[in-house]
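Novice: One structure follows; several queries about it will come next.
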Amino acid sequence: MGFRIGMRISEIFALRPVNDGPCFNGRRLDRQAGGVVDAEGAFQALRPQSIRVLALLVDRAGEVVTKDEIFAAVWSDAAVTDDSLTQCIGDIRRALGDIDRRTLETVPRRGFCLRADQATPRQGPPMVTLAGGLGFACLVLAVLLWPDRDREDRFPTVSIEAEPEVRVLAAEVGAALDRFGTVRRLSQGGRFVLTLTELSDARLSAEVIDSTTSTVVLARTVAAREAPELSGARLAVLVASPWAGAVAETMIETALEKPLEALTGYECYLHAFRQDGEAMLRRAHTCLDAMIAADPSNARAHALLGAVYTTEYWYGAGLEGPARENRHLRDPLAVRALATVEAAEAAGLPEEAEFHLSTAISYYANCKLDHMAAALNRAMALNPNDPWILGKAGNFLAYSGTWEIGVQLAKKAIELAEEDGERWWWWAIGKDHWRRGQDAAALDAFMRGYMEGDWHTQLHLAYTLPGLGRLADAQRETERLREVYPGFTREDARESHYRWCFEPDFIARMDGALVLADLVDGPAEMIAPADVALGVQ
């Protein structure tokens, strides 16, 4: 299907007929089309199971429909768990813009009740209105920007040139590069060329050149006698990591200057991998939505969109209105993250470590720890020496209770990355020391992971210093915490750790230490500065 420049939106989209029937938060069910239509005619599709659930609830609007009745009507020929129904209910609420759950009400221990509008359709909170507008805008964008469903991701290419003396290392680098799903290795003629040269002082020179500009984008030396496999893995990460590699650094600089319609699939993915600032996060969300609308089978885009939803859920980054400041209004975003993971897996997620890590992040946002661990294990099996995978896996596993393994992975990530690693990888080590009462060791780890201007850093010090008898210092860290994150309370500390799946004992002990640090309790007054927090995912 082709589109000419200058076509009107009305020419591109024939507005769907709205079925007669009651409104639910200003939306009506369109059974024939399989979705929900708002007052302006904007359409949002639903999965077949969600449509069947919604149709049953519409037919019995105002009545309580039990879970058993829904299971019998929708899944009569299959054995399913409550999770399937939960996902459908989440889909329906999103389609109806029912963020406050007043239209589709959960009746405890009984079932669900869908309530029709009694008068003029009420307006949802700004986030809901924005989400509806963005949904239609992204559908338009999908057609205008990605009309070709088969458009290639256009991953950058890398080739290696090596002197005979370093062929063994070159082979190890090549094998390690092949573990990255976001670059393609060529025997020669890649856009990025890695040149390996032996130096006279028993060291090797590694230089990456962007052949399109003849620019050196990476220059490193490594010890010649170091284990070739380890050296090869380190060099491959420096070249190809979508989070911190030279190729990604080069590509994102030009991608950020492009309009969204000019982005390749890889450039869109880079926005989501890096999430470096709110503008990049918003661009990631928009282009991923558009790619999925154009090609619902794009498993990579689904996986990365889940990671974007998770950042929005945890920190409010990239959002507008009340949802930015009120974490409870962001709860549906965790459900959306989970739905995108299911879509990615249904579409056939490629065996690429970076994208399995993204699915693990969405599972973590929902504290589905078995699923998270399985996805992390798959990512590490596919690329066992990528410190960016190990660092995240280590922290997520440690926080959710698998402390010993998590700390080992975090330490391995720090060792592999050396000076190029992320400071926050130390947090799992510090928290593990602290939970075991090793306050001095915890303080040392937290100082190694110190990030100036980051509220997590001040929080770590505020609950660690009281155990060392340094109450005055702890109270000063509390003051700094509230400068970095105005209005921060103990409730914020507890809630954030619940969302990161920490054990109740850890949270309770932390809360007691923060009492000594003079951190007040109460509702959150503001959100954390989102730009500071983005790199942690």
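Novice: Show me the ranking of peptides 424-430, 230-236 by mean Cβ neighbours inside 10 Å, starting with the highest.
Specialist: 424-430, 230-236
Novice: In nm, to one decimal, how far is the modelled label at Q438 from the one at W75, with both set 7 Å along Cα→Cβ?
Specialist: A separation of 4.4 nm, rounded to one decimal place.
Novice: Continuing with this model, one more query. If contacts are Cα pairs under 8 angstrom and at least 6 residues apart, what is the relative contact order of the chain in percent?
Specialist: 9 percent
Novice: Exposed loop GluC sites (Glu not before Pro) only (DSSP loop, at most 16 other Cβ atoms within 10 Å): please give the longest stretch of the chain free of them, not including the sites.
Specialist: 352-451
Novice: Taking neighbour Cβ counts within 10 Å as the exposure measure, how do V107, V158 sort from fewest upward?
Specialist: Least to most surrounded, the residues fall as V107, V158.
Every number in this text was worked out from the coordinates using simple rules, so none of it is lab data. This structure is a prediction, so every number in the text was calculated from the model and none was measured. Every residue, glycine among them, receives a Cβ derived from its backbone with ideal geometry; neighbour counts consider all protein chains shown.
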